[in-house]
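The values are calculated or read from the model by the stated rules, or taken from the named source; none is laboratory data. Every value quoted in this text rests on a predicted model; they were computed, and no experiment measured them. So basically every Cβ, Gly included, is an ideal-geometry build from the backbone, and we count neighbours across all protein chains shown. SASA here: full protein model, heavy atoms, side chains in, ligands and nucleic acids out. Shrake-Rupley method; radii C 1.70, N 1.55, O 1.52, S 1.80 Å.
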Amino acid sequence: MYLKNALCAATALTLISTTGAFAETLTIATVNNGDMIRMQGLTDDFTAKTGHTVEWVTLEENVLRQRVTQDIAAKGGQFDIMTIGMYETPIWAANEWLVSLEDLPASYDKDDILPAMRAGLSHSGNLYAAPFYGESSMIMYRTDLMEKAGVSMPDAPTWSDVEAAAKAMTDKDNEIYGVCLRGKAGWGENMAFITTVANSFGARWFDENWKPQLDTPEWKEAVSFYNNLLTSYGPPGASTNGFNENLALFQQGKCGMWIDATVAASFVTNPNDSTVADKVGFALAPNKEGVDKRANWLWAWALAIPAGTQKEAAAKQFIEWATSKDYIELVASKEGWANVPPGARTSLYENPEYQKVPFAKMTLESINAANPDSPTVQPVPYVGIQYVAIPEWAGIGTAAGQEFSAMVAGQQSVDEALAKAQANTAEEMEAAGY
């Protein structure tokens, strides 16, 4: 029986349950998305097993990144657990800002973590953040609107396929927009998407000598295509839309397509939240004809412990609970297999019950197709697909995101946005000594 009672599972967590005398109150910073909010609703299970209680600081994505970065760099000590990702983890671990998770008990089964996720959350072979969920990106599309428009979506489409479908489905008089894409400024918001588009057009952030490349024809073609796609067939106000805003639009039936995180699949197909739950299809992220690189990323929202916390033992217990096989089964028992945190554990994709979920196969294929060590067609000196894994990236990506968001808003041209992003990137890299 694949779905057992997680509340009664004999794990190391239950064996080391604390008494009230030793109970801690953990402060956890996290992002305001559906999976994290669901976890907050289930923490009574953790408290029942350990005696520890949890105080949540739930923040919008850009604000979360700013708050946790400032706190850990300054050794502020505001949080016992932080929600971070593949970009921060190896850099912060190298700075000795994070606690190693290599001593989690054998019952936790670190080897079950998908190899791509474990590699991205490790430094020098040691795990420093545990994936709550992992993701790539893919196309989510309305099957009914495709059929009505007389178009189809291949499992492995090109950008021409996407553009043709977006044009055919757009019906602005009835508030149906052919495509919804990230336009909201942020290195992890619009720049995550735009960078993957650039990769798929043969562009790169830096050449092998760390010279910025945003003044190349490949970048101009990619950004021009993105801008035209979004301004011609996207919703009004797209320059302020990020993951959550586009999710709401799709669930309300206003998007013909949405290219974004694979984790969104469970939300758009949930009939409790989505008006189009039974009308959603999935396809791989697109590539440009003749370019052998798809526009999909690799990411994990993960839980990490800042060095210096006075509650390290309790924090490890929480991470063990929240990222375990038993937690997945707990969610499945309450909300069904389609709503469990995806993309983190191999065993999930081997589970016959989860294999019945319509987006499971496409999610795993997208994750496996993403290679942070080879993010572009041309050679590069960096690792990372939708980001560049250097400390300077957060500032560079944020500044570029502001320029491209202003472009989508009609405040400047493609050429102006690229020129400003190129100049700022060159200045920052020179100042950093590259």
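Want the number for residue 96 to residue 406: 0.36 nm per residue separation, take away the alpha-carbon distance, what's left?
Computed gain between residue 96 and residue 406 is 107.9 nm.
With the dipole of region 262-319 worked out from charges on the C-beta (+1 for Lys and Arg, -1 for Asp and Glu) around the Cα centre, which of 304, 269, 282 lies farthest toward the positive end?
Working it through, the farthest residue towards the positive pole turns out to be 304.
If one takes the longest principal axis of the Cα atoms in the chain, at what angle in degrees, from 0 to 90 and to the nearest 10, does the Cα axis of helix 414-431 lie?
50
What are the residues whose amide H is under 5 Å from the amide H of residue 254, where those residues sit 5 or more places off or on another chain and H is modelled from the backbone?
Those lying under 5 Å, H to H, from residue 254: there are none.
Enter the angle in degrees (range 0 to 90, nearest 10) between the Cα long axis of helix 312-322 and the first principal axis of the Cα atoms of the chain, meaning the one along which they spread out most.
Once rounded, the angle reads 60 degrees.
On each of the three principal axes of the Cα atoms of region 194-242, give max minus min coordinate, whole Å, ordered largest first.
Reported extents, whole Å, longest axis first: 40, 18, 16.
Note down, for region 66-212, the three equivalent ellipsoid semi-axes (square root of 5 times each alpha carbon gyration tensor eigenvalue), biggest first, whole angstrom.
38, 19, 17
Quick one: with all protein chains in place, what share of the accessible area of region 52-120 is carbon or sulfur, to the nearest percent (1.4 Å probe)?
Taking all protein chains in place, region 52-120 shows 50 percent carbon and sulfur surface.
With no solvent and one point on each alpha carbon, what is the Debye value of log10 I(q)/I(0) for region 289-434 at q = 0.17, 0.18, 0.20 Å⁻¹?
Calculated log10 I(q)/I(0) at the listed q: -1.11, -1.13, -1.19.
In 5 Å bins starting at 0, how do the alpha-carbon pair distances of region 85-155 split up by percent?
Going from the shortest bin to the longest, the percentages are 3, 14, 21, 15, 10, 6, 7, 8, 8, 6, 3, 0.
Rounded to the nearest 0.05, what FRET efficiency is calculated for residue 109 and residue 48 with R0 set to 22 Å and r the Cβ-Cβ distance?
Working from the Cβ atoms, E equals 0.45.
Would you check the accessible area of residue 184, probe 1.4 Å, heavy atoms only, in square angstrom rounded to 10?
Roll a 1.4 Å probe over it and residue 184 shows about 40 Å².
Each residue of region 207-216 in order: what ³J(HN,Hα) in whole Hz does its phi give by Karplus 6.51 cos²θ - 1.76 cosθ + 1.60, θ = phi - 60°, with x for Gly and Pro?
7, 5, 9, 6, 7, x, 10, 6, 9, 8
Among 259, 411, 190, whose Cα lies farthest out toward the positive end of the dipole of the chain, if unit charges sit on the beta carbon of Lys, Arg (+1) and Asp, Glu (-1)?
Farthest towards the positive end: 259.
Considering only protein heavy atoms, with the full assembly of protein chains and a 1.4 angstrom probe, order 211, 172, 356, 288 by accessible area, largest first.
356, 211, 172, 288
Could you give the distance between the Cα centres of region 355-392 and region 273-311, to the whole Å?
9
What does the helix-only formula give at 222 nm for the chain: each DSSP H stretch with n ≥ 4 adding -39500 (n - 2.57), the total divided by the residues, and the result rounded to the nearest 500 deg cm²/dmol?
Using -39500 (n - 2.57) per qualifying helix, the result is -12000 deg cm²/dmol.
By the scheme Lys and Arg +1, Asp and Glu -1, what is the net charge of all other residues having a beta-carbon under 12 Å from that of residue 222?
With Lys, Arg at +1 and Asp, Glu at -1, the neighbours total +2.
Residue by residue through region 269-278, which ³J(HN,Hα) values in whole Hz follow from phi under the Karplus form 6.51 cos²θ - 1.76 cosθ + 1.60 (θ = phi - 60°), with glycine and proline marked x?
The phi angles translate into 9, 8, x, 6, 10, 10, 6, 10, 4, 9 Hz.
For residue 303, what accessible area in Å² do you get when you roll a 1.4 Å probe over the heavy atoms of the protein chains, rounding to the nearest 10?
Near enough 0 Å² of accessible area.
Taking the Cα centre of region 311-407 as origin, work out the dipole magnitude from +1 charges on Lys and Arg Cβ and -1 charges on Asp and Glu Cβ, in debye rounded to 20.
The calculation lands at about 180 debye.
Once the convex hull of the alpha carbons of region 199-336 is built, what does its volume come to per residue, in cubic angstrom?
Output value, Cα hull per residue: 200 Å³.
Kirkwood hydrodynamic radius of the chain from all distinct Cα pairs, in Å?
So the Kirkwood estimate lands at 22.2 Å.
Distance from the Cα centre of region 129-168 to that of region 56-80, in angstrom?
Computed from Cα coordinates, the inter-centre distance equals 34 Å.
Kindly report the accessible area of the chain per residue (heavy atoms of protein chains, probe 1.4 Å, no ligands, DNA or RNA), in Å².
Heavy-atom SASA per residue in the chain reads 39 Å².
So what's the angle, to the nearest 10 degrees on a 0 to 90 scale, between helix 325-335 and the longest Cα principal axis of the chain?
Between helix and principal axis, roughly 70 degrees.
For residue 221, what accessible area in Å² do you get when you roll a 1.4 Å probe over the heavy atoms of the protein chains, rounding to the nearest 10?
For residue 221, the solvent-accessible surface is approximately 80 Å².
Dipole magnitude of the chain about its Cα centre, charges +1 at Lys/Arg Cβ and -1 at Asp/Glu Cβ only, in debye to the nearest 20?
460
Send over the semi-axes of region 45-88's equivalent ellipsoid, whole angstrom and largest first, taken as the square roots of 5 times the C-alpha gyration tensor eigenvalues.
23, 12, 10
Over region 268-359, what is the mean sequence separation of C-alpha contacts under 8 Å (at least six apart), divided by residue count, expressed as relative contact order in percent?
About 13 percent, as a whole number.
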